[in-house]
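K.L.:
Encoded as structure tokens, here's the structure I'll be asking about.
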Amino acid sequence: MSDARRQIMANIRRSLGRDELPESAQLELRSRISEPEQGIRPHFDQDLAERFVEKLEAVAGTVTRVPSLKQVPAAVQNYLDQYQIKAKLVMSADSTLAQIDWPQDWQIEHRPASGGDHVSVTGVFAGIAETGTLALLSGPVHPTTLNFLPDDHIALIRADQIVSHLEDLWGLMRKHAHMPRTVNLITGPSRTADVEQTIQLGAHGPRRLHVVLVESSA
């Protein structure tokens, strides 16, 4: 703990009229934080990738499954062709995306998204099979604007990034090198029912969320 943090904690204890916890109590709390007890979680026997796809499609997300990273550009091209969208993409600088041989004639920029961008392509930190949710961390290589400003968000996830339940995500976060400023949990495209109780997609983010699920990292 840094000197500044110690001083802050000491000031808080003083204002509350409390002394520092005994060493035994501190050790117990550290143990509970490092190895938290697992609560009751919904049970399912499905393969994690199958469950993830099923839940994501149930909330209007779409998925293309490919064997390896080599097939990702073709999967993205098929999606763009389906909606007659030009291959003009704003993309995160994720290490997984950097491994892909993108077509030379595509217009790709690595930067935060703006209001004029139509399609973003990003990697993800993890997927949650329980709910079909994507977890994305903000940072220099992944500006949060990519998740919300473009009408179409294409997210790339490897099968080995899918965890079972939400609690598993926080376990991964504890092992992450740096705590991000923002963690976005995205389950399907943006929607609202504020207007006459009719579901409208794209209210506060992308109108379409498409996931390319890579079965192998090779």
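We did not get these values from a lab; they are worked out from the coordinates using the rules stated. Not measured: the values here are computed from a predicted model. Glycine gets a Cβ as well: all are built from the backbone with ideal geometry, and neighbour counts include every protein chain shown.
K.L.:
Taking the Cα centre as origin and putting +1 on Lys and Arg beta-carbons and -1 on Asp and Glu beta-carbons, what dipole magnitude results for the chain, to the nearest 20 debye?
P.N.:
For this selection, approximately 640 debye.
K.L.:
If you take the charge dipole of the chain about its Cα centre, with +1 on Lys and Arg Cβ and -1 on Asp and Glu Cβ, which of 75, 107, 17 is farthest toward its positive end?
P.N.:
17
K.L.:
Quick query: amide H of residue 156 versus all other amide H atoms, modeled in the peptide plane; which residues come in under 5 Å with a sequence gap of 5 or more or a different chain?
P.N.:
122, 123, 124, 212
K.L.:
Mind computing the radius of gyration and Dmax over the alpha-carbon atoms of the range 91-150? Å is fine for both.
P.N.:
12.2, 38
K.L.:
Something else: Taking the Cα atoms of the range 22-78, report the difference between the largest and smallest coordinate on each principal axis, in whole Å and largest first.
P.N.:
Between the extreme Cα coordinates on each principal axis of the range 22-78 lie 62, 26, 19 Å.
K.L.:
For a quick check: with amide H placed at 1.01 Å from N, whose amide H comes under 5 Å from residue 111's, ignoring anything fewer than 5 positions away on the same chain?
P.N.:
91
K.L.:
Can you give me the P(r) profile for the range 1-98? Cα pairs, bins 10 angstrom wide beginning at 0, each as a whole percent.
P.N.:
Values per bin, smallest distances first: 10, 21, 19, 14, 20, 14, 3.
K.L.:
According to a simple spin-label model (label point 7 Å from Cα along Cα-to-Cβ), what is the distance in nm between residue 47 and residue 26?
P.N.:
So the label points at residue 26 and residue 47 sit 5.0 nm apart.
K.L.:
Okay, next question. What is the pair-distance distribution P(r) of the chain, computed from all Cα-Cα distances in 5 Å bins starting at 0, with each bin given as a whole percent?
P.N.:
That works out to 1, 6, 12, 16, 17, 13, 10, 7, 6, 6, 4, 2, 1, 0, in percent per bin.
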